[in-house]
Structure formats: C-alpha cells, structure tokens
Amino acid sequence: MLTGVQVLLLGGDARQLEVIRKLTELDALVTVSGFDGLHSSLDGAVQAEFEEQLFEGVDALLLPAVGTDDQGFIHAVFSDRQMQLTDSHFAKLPKHCTVYTGMAKPYLKQLCKQNNLTLVELFDRDDVAIYNSIPTAEGALMMAIQNTDITIHGSSSMVLGFGRTGFTMARTLQGLGSKVKVGVRRSEHFARAAEMGFEPFYISGLLLYVSNIDLLFNTIPTMIITAQIIANLPSRAVIIDLASKPGGTDFRFAEKRGIKAMLAPGLPGIVAPKTAGRIMAECLSQLILEETIKRGNGI
C-alpha cells in the first residue's frame with residue numbers, strides 16, 4: 001500500500017488515467033493537474049490548478065511519456081491550458097522526491113540535475129520496454145495491413161534491430177506466416193535469430209537484402225534506411241519506422257520515389273492506451289513503493 005504517499009501527476013493522455021486509478025487504489029494521496037477538460041471524474045484524486053504550491057511536500061512527481069518539450073512545456077491531452085515546468089517549481093520539491101517519466105529530454109534532465117533530484121525514465125527499463133513491445137507490434141501490423149494489398153501471411157518482411165521491440169515484431173510477423181529477415185549487429189543476436197527460424201543478416205550488408213521485400217520495420221534510432229537503401233527497394237515496399245523521432249529513414253527520398261514510409265513512434269499509447277497505461281501503472285506503483293520502504297528504513 002502507498003498510504004500517505006504524496007503523488008503529483010501532471011498532464012499526459014489516456015495512459016495516465018490508468019496510473020491515477022492504480023495509485024488511488026493503493027491509497028496514495030494523488031493530486032493531478034492538466035485534466036480540467038476530462039468529462040469523467042477521477043475518483044480518489046484531487047484536481048488542482050498548476051502552481052508552485054502544488055510541488056511542496058511531494059514524494060513522487062509523475063510526468064507524461066515524454067516528460068516535457070525542449071522549453072519545459074508538458075503535453076496534456078485533457079487540457080487547453082499550458083503548463084511549463086521551471087526551476088522555481090522544482091525548487092519547491094523535497095530532496096527525497098523522485099521524478100518519473102517515460103523518456104526525458106535534456107531540459108528535464110537539467111532541471112533534475114540542478115535540483116539534485118532523482119530522475120527515472122521508465123522506457124529505459126527492460127520490463128516496461130518488453131511489455132510495450134506487444135502493443136507496438138500490434139500497432140505496426142495494423143499499419144501494415146492498412147497500407148498494403150497483400151496478406152501478412154506469405155509476405156516477405158524485414159525487421160531492423162533485434163532488441164526488445166525488434167524481437168517481438170519479428171516473432172509476431174513469423175507467427176502470422178511471414179518470411180522474416182532480421183538485421184542485426186551482434187553475433188549473439190545473429191545466432192538467436194537463426195535459432196528462431198528467421199533469416200538473419202548483419203546490418204552492414206543491408207543493401208544486399210532489400211531488393212525483394214514487401215514490408216520493412218525499423219527499430220534503430222539512427223539513419224539506416226538511407227536514399228541508397230530506398231533506391232534498391234521494390235516500389236511495392238512499405239516502410240514502418242518504429243524508432244523514436246526523427247526515426248531512421250530518409251522520408252524525403254522515400255516520398256520522392258513513391259514508396260510509402262511512415263514514422264510511428266509511441267504506438268502503445270495510440271493503439272492500446274489502456275494496456276499501455278496499466279503497464280506504466282504497475283511499474284510506477286512498484287517503484288514508488290520501493291522508494292517509500294527505503295525512506296522508511298533510512299536507506
């Protein structure tokens with residue numbers, strides 16, 4: 001239980017509704033801001049105006065998937081009012097307060113550093129990333145089906161990267177009967193991909209493998225699908241880039257060549273916000289509980 005723990009949650013989207021529900025069930029004292037446009041009630045949570053006094057006495061500060069933009073503004077789907085985090089807000093936070101977000105831009109990292117506050121980026125955690133890879137793969141499949149005139153079964157697909165998202169993406173495609181090529185950088189990933197029945201290749205030789213594929217899924221957040229690669233793709237190919245912005249695709253050249261190419265980061269929150277919210281809620285509640293126990297033990 002989180003009885004007596006003061007939680008401040010600012011902005012976000014439908015995922016944060018699941019987080020609020022979970023924390024109030026655990027008896028945390030939850031204050032929220034950025035939900036004034038929500039048409040349903042937030043049972044157990046207190047809605048408040050965004051002001052410096054909110055930050056006093058807070059044990060955990062919860063921010064959206066992308067904590068702030070480069071100027072400190074917080075994304076809030078359920079409000080038209082702007083919320084901008086500044087140093088004066090963070091100066092009000094107790095030194096034991098932990099700041100939680102999905103991923104943090106330099107602005108937020110600097111605020112935490114200046115005020116000696118612990119910052120936790122949930123999307124860096126293996127458990128969260130692995131769970132999130134499931135709705136990511138499902139969302140990517142949805143996009144593939146909507147933008148092709150063939151079935152996944154019998155198609156020739158390629159997945160670049162064999163990390164947490166790439167692994168799930170490749171396995172999902174294989175399960176639907178696609179012939180899957182997997183681009184890897186590490187020998188152990190090459191061996192694992194081969195063991196699982198994929199056709200592995202090293203990304204350094206990507207150009208040699210793209211001439212006859214229907215679907216190309218990228219999970220690598222660096223420019224990898226270059227103009228040279230795109231020039232060798234068949235005109236029927238569809239590129240779905242799952243890497244964080246700006247992705248790893250030369251979208252300008254893809255458009256020039258008439259190849260469909262879509263940047264699709266953040267799919268869990270788009271295609272399955274309730275599931276994505278539950279994933280975040282479970283992780284956050286466990287982390288906050290662990291921090292509470294540590295403080296209680298004087299660690």
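The values are calculated or read from the model by the stated rules, or taken from the named source; none is laboratory data. Not measured: the values here are computed from a predicted model. Counting neighbours? That spans all protein chains shown, and the Cβs are built from the backbone with ideal geometry, glycine included. Calculation scope for accessible area: heavy atoms of the full protein, side chains included, ligands and nucleic acids excluded. Shrake-Rupley method; radii C 1.70, N 1.55, O 1.52, S 1.80 Å.
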| request: Evaluate the relative contact order of segment 10-134 (contact order divided by residue number), counting alpha-carbon pairs under 8 angstrom at least 6 apart; express in whole percent. | output: 24
| remark: Order by accessible surface, 1.4 Å probe, largest leading, for residues Val19, Val46 comes to Val46, Val19
| task | Would you work out which of Ile288, Phe90, Ile130 lies farthest towards the positive end of the dipole of the chain? Charges go on Cβ: Lys and Arg +1, Asp and Glu -1. | result | Ile130
| remark: Quick calc, segment 7-81, dipole around Cα centre from Cβ unit charges on Lys, Arg (+) and Asp, Glu (-), nearest 20 debye, gives 240
| Mind checking which helices in the chain clear 20 Å along their axis (Cα) and have mean Kyte-Doolittle hydropathy of -1.0 or more, DSSP H runs only? | 126-146, 273-296
| query | With labels modelled as points extended 7 Å from the Cα through the Cβ direction, what inter-label distance (nm, one decimal) is found for Thr226 paired with Lys245? | reply | 2.6
| the chain, relative contact order in percent, only Cα pairs under 8 angstrom and at least six apart counted | 16
| said: For Leu207, project a label point 7 Å along Cα to C-beta. Then give me every residue of segment 215-233 with its amide nitrogen under 13 Å of that point. | reply: 226-233
| message | Please report the carbon-and-sulfur percent of the accessible area for segment 179-299; probe 1.4 Å, protein heavy atoms only, DNA, RNA and ligands left out. | response | 53
| query | How much accessible area does Tyr131 have with a 1.4 Å probe, in Å² rounded to the nearest 10? | reply | 130
| request: First measure r as the distance between the Cβ atoms of Arg81 and His153, then evaluate 1/(1 + (r/R0)^6) with R0 = 41 Å and state the FRET efficiency to the nearest 0.05. | output: 0.25
| query | Looking at Leu173, Leu242, Val77, which one has the Cα that reaches farthest to the positive end of the dipole of the chain (charges on Cβ: Lys, Arg +1; Asp, Glu -1)? | reply | Leu173
| request: Using a 10 angstrom cutoff on alpha carbons, build the Gaussian network for the chain and name the most mobile of Ala227, Ala170, Ala140. | output: Ala227
| query | Per residue of the chain, what 222 nm ellipticity follows from adding -39500 (n - 2.57) for every DSSP H run with n ≥ 4, rounded to the nearest 500? | reply | -11000 deg cm²/dmol
| remark: Once Lys and Arg are counted +1 and Asp and Glu -1 for all other residues with Cβ under 10 Å from that of Ala104, the total becomes 0
| remark: Ranked by GNM mean-square fluctuation in the chain (Cα springs under 10 Å), the top entry among Met158, Met103, Met223 is Met223
| task | In debye, nearest 20, what is the charge dipole magnitude of the chain about its Cα centre with +1 on Lys and Arg Cβ and -1 on Asp and Glu Cβ, if you could check? | result | 1040
| message | Run the numbers for Gln146 and Asn115: contour at 0.36 nm per residue of separation, minus the present Cα-Cα distance, in nm. | response | 6.5 nm
